[in-house]
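Undergrad: Take a look at this one; I'll ask things after.
The values are calculated or read from the model by the stated rules, or taken from the named source; none is laboratory data. Computed from a predicted model, the values in this text were never measured in an experiment. Virtual Cβ from ideal backbone geometry, glycine too; neighbours counted across all protein chains shown. We work out accessible area using only protein heavy atoms, side chains counted, and drop any ligands, DNA or RNA first. Shrake-Rupley method; radii C 1.70, N 1.55, O 1.52, S 1.80 Å.
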Amino acid sequence: MAPAYRLSGMVGDVPSLALPNGTRVPVLGQGTWYLGDSDATRADEIKALRTGLDAGLTLIDTAEMYGDGRAELLVGEAIAGRRDEVFLVSKVLPWNATRSGTAEALEGSLRRLGTDRLDLYLYHWRGSAPLAETVEALQRLQEQGKIRAWGVSNLGSSDMDELAALPGASGPAGVQTDQVLYNLTRRGIEGDLLPRLRSESIPVMAYSPIEQARLLGHPALGNIARRHGVGEAAVALAWVLREPGVIAIPKAGSSQHVHANLAALKVTLDADDLAALDDAFPTPGKPVPLEML
Ligand code: NAP
């Protein structure tokens, strides 16, 4: 049977996939790390997020960690009056991910974001709290309607095994995504995590999809970008999105970059493009420990 997340639907003008709970989300979203850190760029950043929303990039990813809450405050300002358009994702820090700490952390995020619920709440990375306790805390918040769904981030295959064994962690009300580092220079998940999640119809949310801009300027990307008449970031994103079951969440601090990233949705990389990218950015070819930024 074909995985439920095939690109058979659209959210607005953007291709979408279905989470395990059936909610459709656009495959291209908006990251927010480092947004809100400088007053000088604040207005441009808010405009960039709104430009993205106007174009259908309605999945916004943030975290209590980013700028100690400054990114959530900025997102709150950007989505004011438009909350219902947004699929809002935030994350709890590992040292807050206890039974009571998770609930407290969520209250802080909701306050900064100016909303009464999150669409998806992620466990940012694994810390010392027992996984079962964190999952129970997330499930309780879901029952209370404060979060619509929950997921994880930076969990590798063995962590996912442990998670899958917990009550209620699999299936429609269970884990909705694993948000992990994935881009042309970070292909480790292709060995085991990506196929495994795909077989369970759990989408991967690819963070740092353009390697925090370090990918830009690579000659292999430049050649392909010229051929398709788009920027290098669009090629890097189109490459991430070539895989079914993957959502990419680039961060863009300007409307110009948002538009350049949207161009990824029009790019279909052909066999020659993919072969050139494989040559320039080889996959490790064996399972490797999950990398994190
Ligand atoms: P990224 O999206 O790969 O790269 C962002 C950088 O690329 C910024 O410097 C941005 O510059 C630049 N950029 C974006 N679009 C561009 C374009 N069209 N042309 C040229 N430059 C462009 O890196 P990221 O921010 O680390 O990752 C994306 C999101 O993933 C984060 O913002 C965050 O929401 C999430 N994340 C999650 C984790 C986790 O542990 N779960 C870790 C890292 C990131 P401008 O700002 O000037 O546009």
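Undergrad: Over the range 184-249, give the accessible area per residue in Å² for a 1.4 Å probe, as an integer.
TA: Working: 2240 Å² over 66 residues.
That works out to 34 Å² per residue.
Undergrad: Also, I was wondering about something else. What 222 nm value per residue comes from the helices of the chain, counting each DSSP H run with n ≥ 4 as -39,500 (n - 2.57) and dividing by all residues, nearest 500 deg cm²/dmol?
TA: Details: 10 runs with 107 residues, N = 293.
Roughly -11000 deg cm²/dmol at 222 nm, from the helical runs in the chain.
Undergrad: Check which residues have an amide H placed less than 5 Å from Tyr207's amide H, if you skip close sequence neighbours.
TA: Val180, Leu181, Tyr182
Undergrad: Can you give the accessible area per residue of the range 1-141, in Å², using a 1.4 Å probe? Walk me through the numbers on the way to the answer.
TA: On the way: 5710 Å² over 141 residues.
Accessible area per residue: 41 Å².
Undergrad: So, one more: Based on the Kirkwood radius over alpha-carbon pairs, what value in µm²/s does the Stokes-Einstein equation return for the translational diffusion coefficient of the range 156-293 at 10 °C and 1.306 mPa s? Mind dumping the intermediate values first?
TA: Details: Rh = 15.8 Å.
Result for D is 101 µm²/s.
Undergrad: Packing-wise, with mean Cβ within 10 Å as the measure, how do 177-184, 41-48 rank, highest first?
TA: Working: 177-184: 23.6, 41-48: 17.4.
Highest mean packing first, the order is 177-184, 41-48.
Undergrad: How would the range 222-261 be classified by its alpha-carbon gyration tensor: rounded, prolate or oblate, with rounded meaning a/c under 1.5 and the a/b versus b/c comparison settling the rest?
TA: Values: a/c = 2.80, a/b = 1.05, b/c = 2.66.
Verdict is oblate for the range 222-261.
Undergrad: Another question about this same structure. Stretched out fully, how many nm does the piece from Ala43 to Lys266 gain, at 0.36 nm a residue minus the Cα gap? Walk me through the numbers before you get to the answer.
TA: Details: separation 223, 0.36 × 223 = 80.28 nm, distance 2.83 nm.
So the extension gain works out to 77.4 nm.
Undergrad: Tell me, in nm to one decimal, what length is gained between Glu243 and Trp95 on full extension, where the rule is 0.36 nm per residue of separation less the Cα-Cα distance? List each step's numbers first, then the result.
TA: Values: separation 148, 0.36 × 148 = 53.28 nm, distance 3.30 nm.
The span from Glu243 to Trp95 would gain 50.0 nm if fully extended.
Undergrad: For the chain, just list the percent of Cα-Cα distances falling in each 5 Å bin from zero outward, please.
TA: Taking all Cα pairs of the chain, the binned fractions are 1, 6, 13, 17, 19, 18, 14, 8, 4, 1, 0 percent.
Undergrad: Hey, another quick one. Which order do Met10, Met65, Met160 take when ranked by solvent-accessible area (1.4 Å probe, heavy atoms of all protein chains), largest first?
TA: Result, largest first: Met10, Met65, Met160.
Undergrad: Pop out the carbon and sulfur fraction of the accessible area of the chain as a percent, whole number, probe 1.4 Å.
TA: Numbers: 6320 of 12110 Å².
Carbon and sulfur together cover 52 percent of it.
Undergrad: I would also like to ask the following. Of Lys266, Lys251, Lys91, which has the most accessible area and how do the rest follow, probe 1.4 Å?
TA: If we order Lys266, Lys251, Lys91 from most to least accessible, we get Lys266, Lys251, Lys91.
Undergrad: State whether the range 10-105 is rounded, prolate or oblate according to the following rule on the C-alpha gyration tensor (a ≥ b ≥ c being the square roots of its eigenvalues): a/c under 1.5 gives rounded; otherwise a/b larger than b/c gives prolate, and the remaining case gives oblate. Intermediate values should be presented prior to the final figure.
TA: Working: a/c = 2.32, a/b = 1.13, b/c = 2.06.
Oblate, because a/c is 1.5 or more while a/b does not exceed b/c.
Undergrad: I've got another one for you. Taking the Cα atoms of the range 116-221, report the difference between the largest and smallest coordinate on each principal axis, in whole Å and largest first.
TA: Taking the Cα atoms of the range 116-221, the three principal extents are 50, 31, 27 Å.
Undergrad: Moving on. Need the list of lysines near Lys91 for cross-linking: C-alpha distance under 27 angstrom, and skip anything on the same chain fewer than eight residues off.
TA: Answer for Lys91, where 27 Å is the Cα cut-off: Lys47, Lys146, Lys251, listed by chain and number.
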